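Okay, so here's the structure we're looking at.
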Amino acid sequence: MFILAGCAQPSPLPPPPLVLDGIPVYGRVYDVPKSQIRVAIAEDQRLSPAGHKVYSIEVANRSELHIYHTERNKRLEEYNVLRRVHGRWEVGERMISGSALLVPTQ
C-alpha cells in the first residue's frame, strides 16, 4: 500500500461570509464597510503591477486588511498588508510565505 501525502491537495477554505465584486472576503468582514474595502482594493491595485489579480481578502480588524495575490494555501501565499492610517488605506508590507520557500539551495 502506498501513501502519497505529499501529493494531497490542501483543504479548501470554508465559504466566505462575504463576496464583494467577485472577491471572497474572510475574517472580521463586518468590521469594515464594503465601501472601505473597495477603497483599499483600489489603493492596492494602484501600487501593484498591472493585471495583479486579487484572489481574496482577509479582514484582520477594522484598520488592517490582507489582500491576497495568490490562492490561499500552505505551499505559497503572497499578500499585501493594508492599514488604515489617518482615515486612508496605505499599503504596508508585502508578505510571502509557505513551505515552497523552504526548499534548500545547492
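Observations
- Net +/- balance of residues flanking residue 63 in space, Cβ distance below 10 Å, scoring K and R +1, D and E -1: +1
- Each of 44, 31 was scored by other Cβ atoms within 10 Å of its Cβ. Arranged with the fewest first, they read 31, 44.
- Proximal charge balance of residue 92 [Cβ under 10 Å; K/R count +1, D/E count -1]: -1
- Measuring spread by the Cα atoms of region 18-99 yields a radius of gyration and Dmax of 11.8, 36 Å.
- Environment charge at residue 41 (Cβ cut-off 12 Å; Lys +1, Arg +1, Asp -1, Glu -1): +1
- Region 54-63 - phi-based ³J(HN,Hα) in whole Hz, Karplus 6.51/-1.76/1.60, Gly and Pro as x: 9, 8, 6, 9, 10, 8, 6, 6, 5, 10
- Footprinting exposure proxy for 69, 52 (fewest neighbouring C-beta atoms within 10 Å first): 52, 69
- Converting phi to 3J(HN,Hα) with the Karplus coefficients 6.51, -1.76 and 1.60 and the offset θ = phi - 60°, region 30-47 yields 8, 7, 10, x, 3, 4, 6, 5, 5, 4, 5, 4, 4, 5, 4, 5, 4, 9 Hz in sequence order, with x at every glycine or proline.
Values quoted throughout were computed directly from the atomic coordinates according to the rules given, and no laboratory measurement underlies them. Quantities reported herein were computed from a predicted structural model and do not represent experimental measurements. Reconstructed Cβ throughout: ideal geometry from the backbone, glycine too, with neighbour counts over all protein chains shown.
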